[in-house]
Amino acid sequence: MVRILLLTLLVCAVLATRVVAEDVDTSHGEDKKLESIDDYEKQVREVAEKTAADAKARREAERLAKANAAVSTNSGEAFKVFKYKKGDSTVFADSAPYKIHYDVIIYNSCYACSITSKIDWFNTRLHLTEFSDTIEAAAKQYKIDSAFVRAVIHAESAFNPLAQSRKGAMGLMQLMPQTAKEMGVVDCTNPEQNIKGGVKYLASLLQIFNGNETLAAAAYNAGPNAVTKHGGIPPYEETQTYVKRVNILWTRYKSQKVLAGNL
């Protein structure tokens with residue numbers, strides 16, 4: 001009788017141990033299943049967040065491209081470059097990459113330099129209020145007619161502070177890197193720095209050519225050495241076209257300045 005009781009207790013103990021083991025295995029299985037689900041959901045979230053970020057960056061790049069392209073609609077001189085990462089390298093291309101985040105850079109030649117431009121310079125909209133405080137302050141500091149400064153800015157960039165040329169000129173007054181450095185400009189895309197540096201350079205050209213704005217404009221486009229060499233406006237079609245348009249714009253800005261002063 002005692003032997004039977006002991007045997008019964010032993011069998012019960014073995015069965016109980018097996019049930020506990022099965023419960024532990026089932027619990028581990030459930031934990032692994034939950035971890036797998038969590039990992040999957042995390043991966044889905046990460047992919048969704050990256051897709052949304054890429055889409056946002058693409059929209060912003062396209063918005064900037066449209067904003068920059070708008071200033072050169074009639075000039076026919078815009079040149080679009082797509083910048084993106086490929087591995088550890090930065091790539092520049094003339095077409096947008098597929099499914100890769102990219103930035104769009106718009107390079108514009110001097111706004112008033114294109115001899116094929118179809119802009120009506122006698123009627124094109126003037127920029128009468130943009131950067132007024134900085135233009136007036138710089139013009140007063142260097143004793144230049146603010147209307148002349150505004151005409152040069154209009155001719156160079158159409159008042160686009162992000163304008164860039166393929167030759168490296170940047171900003172509102174399209175300063176070349178060396179000129180910007182000499183004029184104390186650190187950031188050419190900063191409107192205040194660009195205007196002050198451009199006006200300072202324009203003042204130096206006016207000093208060289210005895211206050212002659214037409215020759216100063218020619219030198220701003222072709223360089224002072226070219227003007228000196230040719231004893232006047234150089235016989236370059238682009239420079240001659242540029243000077244004519246600056247003078248048209250200058251006359252119009254002066255007229256508006258007079259009207260504003262009489263109000």
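We did not get these values from a lab; they are worked out from the coordinates using the rules stated. Model, not experiment: these values are computed from the prediction. Backbone-built Cβ (ideal geometry, glycine too); neighbour counts: all protein chains shown.
With the highest mean first, a sort of the peptides 114-126, 241-253 on other beta-carbon atoms found within 10 angstrom per residue produces 241-253, 114-126.
Taking a ≥ b ≥ c as the square roots of the eigenvalues of the Cα gyration tensor of region 196-263, is the shape rounded (a/c under 1.5), prolate (a/b larger than b/c) or oblate?
Note, shape of region 196-263 comes out prolate.
Near the amide H of Ser114, within less than 5 Å, lie no amide hydrogens of residues on another chain or at least 5 residues away, with H placed in the peptide plane. A simple rule links phi to the HN-Hα coupling: the Karplus curve 6.51 cos²θ - 1.76 cosθ + 1.60 with θ = phi - 60°, which for region 181-194 gives 4, 5, 8, x, 8, 8, 10, 5, 7, 7, x, 5, 5, 5 Hz, with x for Gly and Pro. Among 194-205, 221-232, 167-178, the peptide with the highest mean count of other Cβ atoms within 10 Å heads the list, and the full ranking is 194-205, 167-178, 221-232.
Applying the Karplus relation 6.51 cos²θ - 1.76 cosθ + 1.60 with θ = phi - 60° to region 221-235 yields 3J(HN,Hα) values of 8, 9, x, x, 5, 5, 5, 5, 4, 9, x, x, 4, x, x Hz, where x marks Gly and Pro. Residue separation of Lys99 and Ala52 scaled by 0.36 nm, minus their Cα-Cα distance, works out to 15.6 nm of gained length.
Near the amide H of Leu162, within less than 5 Å, lie no amide hydrogens of residues on another chain or at least 5 residues away, with H placed in the peptide plane.
Taking amide hydrogens as placed 1.01 Å from N in the peptide plane, the amide H of Leu175 sits under 5 Å from those of Met170, each at least 5 positions away in sequence or on another chain. Of the peptides 140-147, 43-50, the order by per-residue mean of other Cβ atoms within 10 Å, starting with the highest, comes out as 140-147, 43-50. The charge dipole of region 152-245, taken about the Cα centre with unit charges on the Cβ atoms of Lys, Arg (+1) and Asp, Glu (-1), comes to about 100 debye, rounded to the nearest 20.
Each residue of region 169-174 is assigned a 3J(HN,Hα), and the resulting list reads 5, 9, x, 4, 9, 6 Hz, derived from the Karplus form 6.51 cos²θ - 1.76 cosθ + 1.60 (θ = phi - 60°), x at Gly and Pro. Using a cut-off of 19 Å between Cα atoms, the listed pairs Lys143/Lys200; Lys140/Lys254; Lys99/Lys167; Lys140/Lys200; Lys143/Lys167; Lys50/Lys85 include Lys99/Lys167; Lys143/Lys167 as exceeding that distance.
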